[in-house]
Amino acid sequence: RAKAEGPGRSTIFDTSMHDQARERIELEVALRQALSDDQLYVVYQPIVRLETGMPVGAEALVRWEHPTRGQIPPMLFIPIAEDSGLISQIGTFVRNEALRQLGVWRSQGVVSESFYLSINVSPRQLSEPDLPLVFSGELFKYGVPAQCVALEMTESVMVDGSSVTGRVLHELRQLGAKLLVDDFGTGFSALGYLRRFPVTGVKIDRSFVIGLGKNVEDDEIVRAVVAMSHALGLSVIAEGVETVLQREALYHVGVVNGQGWLWGKAVSAVEFAERWHLSAALPEIPLPVAAVTS
Ligand code: C2E
Ligand code: MG
Ligand code: MG
Ligand code: MG
């Protein structure tokens, strides 16, 4: 297939090469190019209060539009970025873009004072000792309070992390940023880290949300997670909420905030401001009058 495209054409994504290692390296080269050619950008997905459907914040998610291949999903390039060290540059880009945008939205009254942006940080970034200093400089530059930023990390960060990572997390928390455990429940790990590290909340993974309202066991798992989280003073966000049934089940087991296609996919900053502006009338999705009993 690549040959048919003629000389000079990239074979980066030719899966017929049967050479995964080579493909990885070429994707890495393309990613390096993407960083210098502005092929990366950030989209925003609302995090809403289940009860009202009003946004309390948004998650910033990176996107890569390759000039010939189109959208390349983060699931494909983030692991490569992590392995190659490029994640550091990508992280810097996403933070700066997201914080700049939040500064603009705050000054324009698009979002409330307490609205926060949630930014994914990968294990490698959290092992860089100067991250807290760099981050606090960025907050200052864009005039954003640390309280209006949440940093999302996976459980593995705290389970496998070095002492440097522990220090970095404590310093980030001291600045005032929220620290959220992403994909909570998928790490199959002991939960002791929730006390050892200054975590402020958990994001219940979509895999636990899928069966809600249909599968009693899933309801009970989430109920237990909520009880434990609240006992530890942690906030809870449900990820990947797609249906009204899931929303109702989440509400009834005490989850306060959710994120998912039910309310909206991740969209550009311009679209986000149009759709989620403080003053925009939001379509109400009423909660059921009769409480679900269990
Ligand atoms: P994540 O942090 O758990 O982000 C949530 C993912 O679920 C996003 O996928 C989002 O688009 C998707 N999602 C949201 N609502 C729904 C829903 O209702 N149903 C379904 N099926 N999916 C939903 P996305 O944007 O493809 O990102 C995938 C992963 O890539 C993220 O998972 C995160 O781990 C990573 N990622 C994305 N952006 C960044 C970034 O800037 N830095 C780092 N380090 N990782 C990133
Ligand atoms: Mg996330
Ligand atoms: Mg997540
Ligand atoms: Mg996830």
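The values are calculated or read from the model by the stated rules, or taken from the named source; none is laboratory data. Model, not experiment: these values are computed from the prediction. No Cβ is skipped: glycine too gets one built from the backbone with ideal geometry, and neighbour counts run over all protein chains shown. All accessible areas refer to the heavy atoms of the entire protein, side chains included, with ligands and DNA or RNA removed. Shrake-Rupley method; radii C 1.70, N 1.55, O 1.52, S 1.80 Å.
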Filter the range 231-247 for residues that are touching a Gly at 6+ places or on another chain (Cβ under 7 Å) and open to solvent by 60 Å² or more (accessible area, probe 1.4 Å); which is nearest to ligand 3 (Cβ to nearest atom)? 242
Can we say residue 68 is under 20 Å from residue 237 (Cβ atoms), of a type outside the set (A, V, I, L, M, F, W, C) and part of a loop (DSSP other than H, G, I, E, B)? no
Does residue 226 count as buried (at least 19 other Cβ atoms within 10 Å of the Cβ) and within 14 Å of ligand 3 (Cβ to nearest atom)? no
In this structure, is residue 189 within 16 Å of ligand 2 (Cβ to nearest atom) and of a type in the set (S, T, N, Q)? no
Picked from the range 70-92 (must be among the hydrophobic types (A, V, I, L, M, F, W, C) and open to solvent by 60 Å² or more (accessible area, probe 1.4 Å)), the residue farthest from ligand 4 (Cβ to nearest atom) is 76
Identify the single condition in (1) surrounded by fewer than 21 Cβ atoms within 10 Å (Cβ to Cβ); (2) away from ligand 3 (no atom under 16 Å from the Cβ) that residue 186 does not satisfy, given that it satisfies every other one. (2)
Of everything in the range 251-267, what is outside any loop (DSSP other than H, G, I, E, B) and within 15 Å of ligand 3 (Cβ to nearest atom)? Give them in sequence order. 257, 258
From the option list 149, 157, 144, 111, single residue qualifying as modelled with pLDDT of 95 or more, open to solvent by less than 30 Å² (accessible area, probe 1.4 Å) and within 16 Å of ligand 2 (Cβ to nearest atom) is 149
Enumeration of residues in the range 181-204 that are closer than 22 Å to residue 259 by Cα and touching a Lys or Arg at 6+ places or on another chain (Cβ under 6 Å): 182, 184, 200
Working carefully through the options 206, 195, find the one that is among the charged types (D, E, K, R), more than 13 Å from ligand 2 (Cβ to nearest atom), under 21 Å from residue 159 (Cβ atoms) and open to solvent by 40 Å² or more (accessible area, probe 1.4 Å). 195
How about the range 210-223: which of its residues are closer than 25 Å to residue 55 by Cα, open to solvent by 60 Å² or more (accessible area, probe 1.4 Å) and not charged (D, E, K, R)? 210
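Yes/no matrix, rows are residues, columns are (1) within 16 Å of ligand 4 (Cβ to nearest atom); (2) in contact with a strand residue (DSSP E or B) (Cβ under 7 Å, 6 or more places away or on another chain); (3) open to solvent by less than 30 Å² (accessible area, probe 1.4 Å); (4) hydrophobic (A, V, I, L, M, F, W, C):
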position: 140; (1), (2), (3), (4): no, no, no, yes
position: 153; (1), (2), (3), (4): yes, yes, yes, yes
position: 172; (1), (2), (3), (4): no, yes, yes, yes
position: 177; (1), (2), (3), (4): no, yes, yes, yes
position: 182; (1), (2), (3), (4): yes, yes, yes, no
